[in-house]
Amino acid sequence: MCICLCEDANTHAQTHTLKQTNTQTRTHTYSVAHSYGQVDPRDLHYKKGRTYSGWPAYGQSKSANILHMRELSDQLAASNNNNITCLSLHPGVISTNLHRNLAGCQCCSLCIGCCWACVTDKSIPQGASTTMYALLEPSLVQHGGAYLDNCRIASSSAHTQDPTKEVRKGLWKATQEDIEAALLVSTSNPVGSSSSGSIESIAR
């Protein structure tokens, strides 16, 4: 199972290009569920001793998304690039079929954990509002790496605030190693060839 979403791996791989890009806002839509899990850069894929559980793993993936954007923002600032603003946001709780593959006990956990949020469900236009705010509000260029909720800067979980920056840097390094390993496998095993060392096997 790959914990970091492919959009983040794609952004990671394009970092050099992004540093030379003209003014833009890079926003990724995440979830308040990031508070349900924490990132362990030493064991992202639950292969080195951690016990896998679906909902905490999903929370880790959302935390990883926020940390990734904060590290990208830090790197762009360190290179004196003021052209790109990196933001993450929670759009609100909108009815989806996200729960379709959860076991019964996990569904109960999901319902309990989201009870308050479900009371404040948003319509589709309302769910899009924070994304549009992130893209169009000019004052946000001064707040690279910020987390947004309800069309304002908000506090994410203590874990994703990462004051020492150790977790985000460890995540960046682990993601880079995963990408390099995947590219190596892709080069040595072209699409269509049969091999047990497929890209998919790396992400399991």
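Odds and ends about this structure:
- Among the residues making up region 100-151, those that are loosely packed, with under 12 Cβ neighbours inside 10 Å and at pLDDT 90 or above are Leu136, Pro138, Ser139, Gln142.
- Checked against (1) assigned to a helix (DSSP H, G or I); (2) within 15 Å of the chain's Cα centre (by Cα); (3) surrounded by fewer than 20 Cβ atoms within 10 Å (Cβ to Cβ), Asp74 passes all but condition (2).
- Any hit, region 26-34, residues being surrounded by fewer than 22 Cβ atoms within 10 Å (Cβ to Cβ), closer than 21 Å to Leu135 by Cβ and at pLDDT 90 or above: no
- Pairs, first surrounded by 13 or more Cβ atoms within 10 Å (Cβ to Cβ) in region 40-59, second assigned to a helix (DSSP H, G or I) and among the charged types (D, E, K, R), C-beta under 8 Å, six or more apart: Pro41/Lys173; Leu44/Asp178; Arg50/Asp43
- Of everything listed in (1) of a type in the set (S, T, N, Q); (2) at pLDDT below 90; (3) within 20 Å of Tyr36 (Cα to Cα), the single unmet condition for Ser188 is (3).
- For first residues located in region 168-182 and closer than 12 Å to Asp43 by Cα, partners that are in a helix (DSSP H, G or I) and lie 6+ apart or on another chain with Cβ distances below 6 Å form the pairs Gly170/Pro41; Leu171/Pro41; Leu171/Ala64; Leu171/Leu67; Ala174/Pro41; Thr175/His12.
- Residue count, region 36-68 (criterion: over 13 Å from Gly170 (Cβ atoms) and either touching a helix residue (DSSP H, G or I) at 6+ places or on another chain (Cβ under 8 Å) or not in a helix (DSSP H, G or I) (or both)): 19
The values are calculated or read from the model by the stated rules, or taken from the named source; none is laboratory data. Just so it is clear, the structure is predicted and the values come from calculations on it, not from any experiment. Neighbour counts run over all protein chains shown; Cβ positions are idealised from the backbone, glycine included.
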